1. Restricting the search to segment 461-502, which residues are within 22 Å of the chain's Cα centre (by Cα), of a type outside the set (A, V, I, L, M) and within 24 Å of A581 (Cα to Cα)?
2. Pairs under 7 Å by beta carbon, first residue more than 12 Å from S548 (Cβ to Cβ) in segment 564-577, partner not in a helix (DSSP H, G or I), six or more apart or different chains?
3. Which residue is surrounded by the fewest Cβ atoms within 10 Å (Cβ to Cβ), if the candidates are limited to segment 193-228 and must be among the acidic types (D, E) and touching a residue at least 24 places away in the same chain (Cβ under 8 Å)?
4. Is it fair to say T126 is open to solvent by 50 Å² or more (accessible area, probe 1.4 Å), hydroxyl-bearing (S, T, Y) and touching a residue at least 60 places away in the same chain (Cβ under 8 Å)?
5. Would you confirm, using the coordinates I've provided, whether E411 is in a helix (DSSP H, G or I), open to solvent by less than 20 Å² (accessible area, probe 1.4 Å) and of a type in the set (D, E, K, R)?
6. Applying the selection to segment 130-143, what residues are in contact (Cβ under 8 Å) with a residue 40 or more places away in the chain and either of a type in the set (V, I, T) or surrounded by fewer than 23 Cβ atoms within 10 Å (Cβ to Cβ) (or both)?
7. Among the residues of segment 747-760, which ones are open to solvent by less than 20 Å² (accessible area, probe 1.4 Å) and either among the aromatic types (F, W, Y) or farther than 16 Å from D724 by Cβ (or both)?
8. Name the single residue, out of those in segment 455-478 being out of contact with any Gly (no Cβ under 9 Å at 6 or more places or on another chain) and of a type in the set (A, V, I, L, M), that is nearest to H610 (Cα to Cα).
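The values are calculated or read from the model by the stated rules, or taken from the named source; none is laboratory data. Given the structure is predicted, the values throughout are model-derived calculations rather than measurements. All Cβ positions, even for glycine, are placed from backbone atoms using ideal geometry, and neighbour counts span all protein chains on display. Each accessible area value is taken on the protein alone, full model and side chains, heavy atoms only, with ligands, DNA and RNA left out. Shrake-Rupley method; radii C 1.70, N 1.55, O 1.52, S 1.80 Å.
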Amino acid sequence: MKKKALLAIACLLCCGSVAAQDDNTARLWYDKPAKIWLEALPIGNGRLGGMVFGGPQVDEIQLNEDSFWSGGPHNNNSTSAYSNLKKVRDYIFNGQESQAASLIDQQFIKGPHGQMYLTLGSLKMTHTGISANKATNYRRELDLETALSTVTFEQDGHHYRRTTFASMPDSVIVIRLEADTLSTFSISHSTEFSKTASKNDDGWRVTISGVSHEGVASKLKAVLRYWVESDGQVTYGLQGKVTVKDYTTATIFITAATNYINYANTNGDGAVKSLAHLTAARQHSYDELLSRHVEAYQQQFKRVKLWLPSSATNSQLPTNQRLDKFSNSTDWGMVALLFNYGRYLLISSSQPGGQAANLQGLWNKEHNSSGAWDSKYTININAEMNYWPSEVCNLTETNVPFFSMIRDLSETGAKTAKTMYKCGGWVAHHNTDLWRIAGPIDGPTWGMYPNGGAWLATHLWQHYLYTGDVDFLREWYPVIKGTADFYLDYMQPIPEGCNFAKNIAAKEKSDWLVVVPSVSPEQGPSGKSTPVTAGCTMDNQIVFDALSNTLNAATVLIGSTDESEKAAYEETINKMRETLAKVPPMQIGSRKQLLEWLIDADGSEFQHRHISHLYGLFPSNQISPFNYNELYAAAKQTLTDRGDAATGWSLGWKICFWARMLDGNHALTILKNMLKLLPSDDATGQYPNGRTYPNLFDAHPPFQIDGNFGATAGIAEMLLQSHDGAVHLLPALPASWKEGSISGLRARGGFEVDMEWNEAKLRSAVVRSTIGGVLRLRSYVELEGEGLTPAEGDCPNALYAPADIKEPLLVPSLTTKPSLTVKKVYEYDVQTEPGGVYTIYKKGTTPSAISSINTSPRGGRKGAYDLQGRRVTQPRRGITIRDGKKLVTK
């Protein structure tokens, strides 16, 4: 029997050792094992993560469990902040910002400064009789279509294959080892933390102790379990070691859990949870586990497909070599690979039941604070960027743990608002962690940022805009409103005649209310020694969104509520309108740039990675080519000033910025700057412009995953936009992307869009409507299609209406408004029905020639999905149609 099994395995391994030739836009592959962590390949199921090294002789998988952090329940709310708040504000208004910063540092930011995301250590598989030097035909790959990591090689005429995946439905990591000759290997576990190991009928149970940090005692323990089934002889030794002798197939089951329940409760039982996962998984054969894994993963990944032409030569190179040659090529398939990889990473790091993706997603090898910023949640851009692809790339269920974190912060942040500022609502500053701290950390330059919570809450409103789900909006309305309620109490009028008022660039402050104290993240104006200020542009833009989103949400909900509740909604609507009138408008400076502060102090030499005052361009919709064109022109001047070079995550943001500027060629320039190889952190001197590691992780450097997600969102934004009064088809297509196609992208208003193009112009599109309503299309080419009529008047659908902002102010020295020419667009309306499918094509194109676009209502998992991944088949209730106040220029 074993001879027959060996023969069957030999045939299987020989047939499967070489991947089919394709353009490798959904595959990372390498011809050498990983020597460093930044070459290893990530797998994950939203809860468990692994980094697979793929060594023939000694293989390693480094492990994480998303709730294994240092410390325990606590807060970092300073009790001395409020008694010093007035003095801080007085310092700022008197032009004594450095004194304000010093007082904030002493009285507002007392720590702790956040906890660390920890590693479970590594499992190593050491193979007897295998030599790394003798292995031939070696191939290591990550298939993004199936979320499978595989290693294949040969030695002495024998074939070996190892397959690793992290199963979402079964909550385990599975490693399958296959050989066509009797083979032997051993397993060992290593970690820097204190551990105890015990063996029973369910394999090894390793209990790993957490660590205290920043004076916060450890309250967590992780339980790691691994169990082996094989046709060979399995022996459990000492201290977590397992030996498997004379095997041809062996399957390793790995799972882990902690005692974490929520940010305030650590009374769970990691041993019980991990055993339940392992026991359930063992009820399935390997083939069943594999099938269940692939099916669950593809339900999300296959919703979207991007095709761009690849270089026939470069596309067949190992991924690190392909990356290194990209800058001087037309291998646009590399862009598609980066896009697909971002979707893969989001699916793998963020799923219902787990934690939100942190600064490194799910993957961290460090056991102490040498990890990148402790792998916490930086919420002055980075955590938000992680989730920019979630809606547009049709991955809405990845938002579930992110939204859960926002709800947690609305609870802890309410205590922070009350304790530190005596304000209602809730606040979170620039950073948080597993324990949902909401107070400021690190120092005033970084921590005195009271806008993190409000920025996070905009994602809740955006989910409503994409889905029209009024039930969701009703559930989350208190969280959205809570950010506005905080600002109502926290914002202050500018005292008449104070030094601060005298320096306001536009010389017009009326009865403005400003956020004070605050910072424009991580940089200050020229001539000031600190970023601490009042009413910087980003403050005002986020306040505008918090108040407007609350106002609009109340307007939607008041139409479907009891009479007894209408008065409260009406009061909120009136209060939001009244306060919005007092929020400072955006200002344009002496160089025709968008001002970052209320003073004209951002010089052309500023090339900082944060371009926070362009929040209004992206992710918000306050800066538009069709509404106050002077702001659009000023945004371009700011982007030009800041340059095309930056850290990895900043490049991700710049891709999105240039896409919103409708400049696909410039967005592609930024993409090229991102897709430059950095072999390792030790090689930054030799590769100073390297921004992508060999495994395609984004390089700040060091590794931050937000750049990956920002790039994916930016590529989607180049192809589809729906924030500014219409669904814009191919708004920022680079001239060099002559042909291509995309399917499954989501647009606000409940639409799903497929498109194909040639000669860098739209050829055809298919739009699926999930909730009905008026679809306004915008295109650079004239369109035809059944039911299509030329658009007239204002935006007819509130779900993608433009922002109703104030007219911007110009500094006195600027006598003429800047302007920027906008490419001519054509706009059309079509009245859609729920479930309807609408085919649109370039005028003059023969409809019968359109064949590559899927026009089925829900082919290939097309359609709308709720936060649990369930297909939505019924129209949403309560969609409101309102008349916009701004005309859309054609």
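1. Those that are within 22 Å of the chain's Cα centre (by Cα), of a type outside the set (A, V, I, L, M) and within 24 Å of A581 (Cα to Cα): W461, Q462, T483.
2. Matching pairs, first to second residue: Y569/T561.
3. The first filter runs over segment 193-228 and keeps only residues among the acidic types (D, E), leaving 201-202, 214.
Now restrict to residues that are touching a residue at least 24 places away in the same chain (Cβ under 8 Å): 202, 214.
On the way: D202: 15, E214: 17.
Looking at residues that are among the acidic types (D, E) and touching a residue at least 24 places away in the same chain (Cβ under 8 Å), I get D202.
4. yes
5. On the way: in a helix (DSSP H, G or I): yes; open to solvent by less than 20 Å² (accessible area, probe 1.4 Å): no; of a type in the set (D, E, K, R): yes.
Spelling it out, it is not the case that E411 is in a helix (DSSP H, G or I), open to solvent by less than 20 Å² (accessible area, probe 1.4 Å) and of a type in the set (D, E, K, R).
6. Filtering segment 130-143 for residues in contact (Cβ under 8 Å) with a residue 40 or more places away in the chain gives 130-132, 135, 137-143.
Across segment 130-143, the qualifying residues are I130, S131, A132, A135, N137, Y138, R139, E141, D143.
7. Those that are open to solvent by less than 20 Å² (accessible area, probe 1.4 Å) and either among the aromatic types (F, W, Y) or farther than 16 Å from D724 by Cβ (or both): G750, F751, E752, D754, M755, E756, W757.
8. Among them, the one singled out is L456.
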